[in-house]
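Report on the structure given below.
The values are calculated or read from the model by the stated rules, or taken from the named source; none is laboratory data. Since we're looking at a predicted model, the values are computed, not measured. Ideal geometry is used to build each Cβ from the backbone, glycine not excepted, and the neighbour counts take in all protein chains shown.
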Amino acid sequence: MTFRVFGYAATLAGCVLGLAAPLAHAEGSAASRPAAAAGLYECQVPGAGTVFRSTPREGCRLVVAPDPGAPDPQRWIPLMGANGVISYFDQSAVRRQGTEVGVVVMRNSPSGVIRTASGEPIRSSLKRMVLNCANSMFAVVEQTLYSKRFARGDSLYTIRAPQYGTFQPPGPGTIAGELLRRLCR
């Protein structure tokens, strides 16, 4: 019963922060553009240093080859963490309320490495996070796990954090740190 109350509180908090928008699945609706392949390109920009892009430009080098099943690069921006794993940030799902910003991040898991207790493979996850720009911290509100890459297909299960989750500072080179840098100016 206590966990159910926390689950309802987390859901309510998500609604208040605008995170309860329609699920930000890579498949989208029939009206959305078809998915296009997106790679990750490293570019040197004068005055800005190194910038990572999802589309090629002159003078950029390919870091990660495009995945033919990747989501729409106009919506999902690839970000590489310090560990070299690419996550995708849904720029259409950003919700702002005061100093807090709600975001959605999708990440693929290595094949066959992570499984549920019943043995089903977890191939990807969709994570809803809240960034607190005032104190440069983040919290994971909810994470949904999928058996297919790019958060496609039926979800395996959803983990909800009680009362927003716990705010914490991002580690160096993390996706949360990069999102705080980009969205909290």
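Each row is one residue, and each column tells you yes or no for (1) touching a Pro at 6+ places or on another chain (Cβ under 8 Å); (2) over 17 Å from residue 182 (Cα atoms); (3) free of Cβ contacts under 8 Å to residues at least 40 places away in the same chain; (4) hydroxyl-bearing (Ser, Thr, Tyr).
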{"site": "74", "(1), (2), (3), (4)": "no, no, no, no"}
{"site": "121", "(1), (2), (3), (4)": "no, yes, yes, no"}
{"site": "136", "(1), (2), (3), (4)": "yes, no, no, yes"}
{"site": "140", "(1), (2), (3), (4)": "no, yes, yes, no"}
{"site": "143", "(1), (2), (3), (4)": "no, yes, yes, no"}
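The lone criterion from (1) within 30 Å of residue 62 (Cα to Cα); (2) of a type outside the set (Phe, Trp, Tyr); (3) under 11 Å from the mean Cα position of the chain (by Cα); (4) buried (at least 17 other Cβ atoms within 10 Å of the Cβ) left unmet by residue 91 is number (4). Contact annotation: no residue pair with Cβ atoms under 8 Å, 6 or more positions apart or on different chains, pairs a residue in the range 104-116 that is on the phi > 0 side of the Ramachandran plot with a partner that is at pLDDT below 85 and not acidic (Asp, Glu).
Please indicate, with yes or no, whether at least one residue in the range 56-64 is buried (at least 20 other Cβ atoms within 10 Å of the Cβ), touching a strand residue (DSSP E or B) at 6+ places or on another chain (Cβ under 9 Å), free of Cβ contacts under 8 Å to residues at least 40 places away in the same chain and in a strand (DSSP E or B). No, there is no match, as no residue in the range 56-64 is buried (at least 20 other Cβ atoms within 10 Å of the Cβ), touching a strand residue (DSSP E or B) at 6+ places or on another chain (Cβ under 9 Å), free of Cβ contacts under 8 Å to residues at least 40 places away in the same chain and in a strand (DSSP E or B).
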